[in-house]
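Just below is one structure, and these are the notes that go with it.
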Amino acid sequence: MQVIAYGAHASDQPLEPLTITRREPGAHDVRIDIAYCGICHSDLHQVRSEWEGTQYPCVPGHEIVGRVASVGGHVSGFKVGDLVGVGCIVDSCKHCADCDKGLENYCDGMIGTYNFPTPDAPGWTLGGYSQQIVVHERYVLRIKHPAAQLAAVAPLLCAGITTWSPLRTWGAGPGKKVGVVGIGGLGHMGIKLAHALSAHVVAFTTSESKREAALELGADEVVVSRNPQEMAAHGKSFDLILNTVAAPHDLDAFLVLLKRDGTLALVGAPASNHPSPNVFNLIMKRRSIAGSMIGGIPETQEMLDFCAEHGIVADIELVRADEINQSYERMLKGEVKYRFVIDNSTLAG
């Protein structure tokens with residue numbers, strides 16, 4: 001089946017309309033009419049070959065929400081008309097230790113929603129900047145939010161789970177002090193979720209102008225990280241610091257704010273490496289630097305259900321398909337609060 005999409009034919013070319021082919025649904029497949037798709041910084045990294053291995057045409061997009069259009073004969077969990085989502089994963093081996101634990105995101109055979117190998121034409125996956133997508137039922141998520149919130153739910157499929165997973169893994173909750181570095185697409189969700197989990201939340205920003213916004217998102221305190229006095233006041237006090245910044249920077253400034261056995265969890269994915277941290281900042285307090293990548297399907301569903309129960313969605317700006325390239329440039333400048341979402345009904349012009 002041919003559908004209209006938006007993608008790029010080369011790293012130095014703008015995204016433009018193109019026609020792609022989706023497979024016919026198999027016995028366990030769900031075909032989804034995509035209503036909205038979030039724009040993630042990863043989309044820009046991949047489409048511009050800032051991450052290696054981009055294949056063209058590249059159709060990005062892994063924050064997908066819409067309605068079920070049809071289901072395969074063996075699908076029992078979804079029916080036509082259901083509100084559903086698809087995140088960063090569309091396949092995995094289904095039988096390794098990671099998959100068995102619902103951690104498909106760490107499966108060596110994980111297939112991402114775009115730019116991963118697939119038998120489908122053209123040989124690699126094509127993402128959510130498109131009218132439809134066909135996905136195995138295992139990787140389809142149920143959305144319980146009201147339909148009116150659907151556009152603002154889309155970023156939960158990446159930004160939401162990317163921050164939820166480390167918050168849950170390292171026990172964010174009552175009595176815990178949690179820092180969130182960066183108040184952007186990821187960071188604003190980290191603040192909302194940590195607050196809803198009843199942690200004491202401290203937002204870190206390089207900009208004084210973001211102080212009020214961070215408090216409105218749910219931060220209990222805000223620290224301007226360029227201010228040495230403000231940083232020093234929080235020395236050795238954090239259980240967990242969630243670092244969402246997608247640019248190389250000094251990690252030591254945050255390591256020294258962790259208490260003994262505290263963790264600095266990195267979820268931002270810069271195009272080049274951070275400077276190497278000072279080992280003594282780790283060994284003197286048994287601190288850890290950890291990484292976390294999106295989340296498995298069960299915890300993604302858990303996150304969506306939690307957000308529906310607590311009325312949590314992303315703060316978004318809805319854009320037309322012909323505004324995607326402009327949105328990329330604005331995203332690079334930080335000119336969005338806090339996530340662009342494409343209205344996929346505009347793909348056809």
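The values are calculated or read from the model by the stated rules, or taken from the named source; none is laboratory data. All of these numbers come straight from a predicted model, not from anything done at the bench. Neighbour counts run over all protein chains shown; Cβ positions are idealised from the backbone, glycine included. Remember, those area values only see protein heavy atoms, side chains included, never the ligands or the DNA or RNA. Shrake-Rupley method; radii C 1.70, N 1.55, O 1.52, S 1.80 Å.
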Per residue, what volume in Å³ does the Cα convex hull of segment 224-284 take up? 82 Å³
Picking from 313, 223, 80, which is most flexible by a Gaussian network model of the chain using Cα springs under 10 Å? 80
I'd like to check one number: the per residue accessible area of segment 4-96, probe 1.4 Å, reported in Å² as a whole number. 40 Å²
Hey, got the dipole for the chain? About the Cα centre, +1 on K and R Cβ, -1 on D and E Cβ, debye to the nearest 20? 800 debye
Which value, in debye to the nearest 20, describes the size of the charge dipole of segment 281-349 about its Cα centre when Lys and Arg Cβ atoms bear +1, Asp and Glu Cβ atoms bear -1, and nothing else is charged? 620 debye
In cubic angstrom, how much convex hull volume per residue do the alpha carbon atoms of segment 62-134 span? 113 Å³
Principal axis lengths of segment 191-234 from Cα atoms, whole Å, largest first? 29, 20, 10
What area, in nm² and to one decimal, does the C-alpha convex hull of segment 196-345 cast on average over all directions? 10.8 nm²
With only Lys, Arg, Asp and Glu charged, each at its Cβ (+1 for the first two, -1 for the last two), find how big the charge dipole of segment 35-96 is about the Cα centre; round to the nearest 20 debye. 260 debye
How much solvent-accessible surface does residue 168 expose, in Å² to the nearest 10, with a 1.4 Å probe and all protein chains in place? 120 Å²
Coarse-grained scattering of segment 1-144 at q = 0.14, 0.18 Å⁻¹, given as base-10 log I(q)/I(0) from a Debye sum over alpha-carbon atoms: -0.63, -1.04
Let me see the pair-distance distribution of segment 1-72: every alpha carbon pair, 5 Å bin width, integer percents in order. 4, 15, 21, 23, 18, 12, 6, 1
Roughly speaking, to the nearest percent, how much of the chain's 1.4 Å accessible area is carbon and sulfur? 51 percent
How much length, in nm to one decimal, is gained on full extension between residue 118 and residue 55, taken as 0.36 nm per residue of separation minus their Cα-Cα distance? 21.5 nm
Farthest toward the dipole's positive end in segment 1-109, which of 32, 92, 105, given Cβ charges of +1 (Lys, Arg) and -1 (Asp, Glu) about the Cα centre? 32
Treating the Cα atoms of segment 78-228 as identical point scatterers in vacuum, please give the log10 of the normalised Debye intensity I(q)/I(0) at q = 0.10, 0.11 Å⁻¹, two decimals. -0.47, -0.56
How big is the antiparallel share of DSSP beta bridges in the chain, given as a percent to the nearest 5? 55 percent
Working only with C-alpha atoms, what are the Rg and Dmax values of segment 291-347, expressed in angstrom? 14.4, 37
Which whole-angstrom value gives the distance between the alpha carbon centres of segment 120-160 and segment 33-101? 5 Å
If unit charges are put on Cβ atoms (+1 for Lys and Arg, -1 for Asp and Glu) and the dipole of the chain is taken about its Cα centre, the option from 53, 248, 291 lying farthest towards the positive end turns out to be 291
State the Cα centre-to-centre distance between segment 266-285 and segment 202-260 in whole Å. 15 Å
Using a Debye calculation, one point per C-alpha and no hydration shell, please list log10 I(q)/I(0) for segment 36-101 at q = 0.24 Å⁻¹ in order. -1.05
Only helical DSSP H runs with n ≥ 4 go in: add -39500 (n - 2.57) per run for the chain, normalise by residue count and round the 222 nm mean residue ellipticity to 500 deg cm²/dmol. -6000 deg cm²/dmol
The Cα extents of segment 137-209 along the principal axes, largest first and rounded to whole Å, are 39, 29, 19
Kirkwood Rh over Cα pairs of the chain into Stokes-Einstein at 37 °C, 0.692 mPa s: D in µm²/s? 160 µm²/s
Cα-based Rg then Dmax for segment 195-263, in Å, read 11.8, 32
Could you give the alpha-carbon Rg of segment 258-315 over 2.2 N^0.38 Å, rounded to two decimals? 1.56
From largest to smallest, what semi-axes in whole angstrom does segment 126-174 give when each is the square root of 5 times an eigenvalue of its alpha carbon gyration tensor? 25, 15, 11
In what sequence, largest accessible area first, do 74, 188 appear using a 1.4 Å probe? 74, 188
